[in-house]
1. Looking only at region 61-109, filter to residues that are modelled with pLDDT under 90 and among the small types (Gly, Ala, Ser); which one of those is nearest to Leu19 (Cα to Cα)?
2. List pairs: first residue in region 12-41 and more than 18 Å from Ser62 (Cα to Cα), second residue of a type in the set (Val, Ile, Thr) and surrounded by fewer than 17 Cβ atoms within 10 Å (Cβ to Cβ) anywhere in the structure, Cβ distance under 7 angstrom, at least six positions apart or on different chains.
Amino acid sequence: MSHSHQRDVLFLSLSGIFLTALVLGNVIGTTKFVTIFSFSLPEWVQSFTPSLVRDGSLYTMSVPAGVIAYPFTFLATDLISELFGRKKAQLVVWVGFFMNFFMLLLMKI
């Protein structure tokens, strides 16, 4: 495999990771939640802990699933920018923007 071909495969792979994480993060970002941790609250803390953050005596920390996908977008664009230059990174970001717009149109049909 030539060096040029390897660079093309790397660019396409990083672009695919960015675009997948971006679109997937937006689609599942508000519908799915991931529990980071949960633990039992002591009796004296339960009295003043809002019911929104506890289920009975169990405290749970949940975040939208999109929070997990977002760091991959940053990592991919950072690597693309470092390895292939600012112009290629901007191109991938613009493609991601138009993919999100296209996804919005498809979801509204």
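The values are calculated or read from the model by the stated rules, or taken from the named source; none is laboratory data. This is a predicted model, so every value here is computed, not measured. Neighbour counts are summed over all protein chains in view; Cβ atoms, including those assigned to glycine, are modelled from backbone coordinates with ideal geometry.
1. Ala69
2. Leu19/Val95
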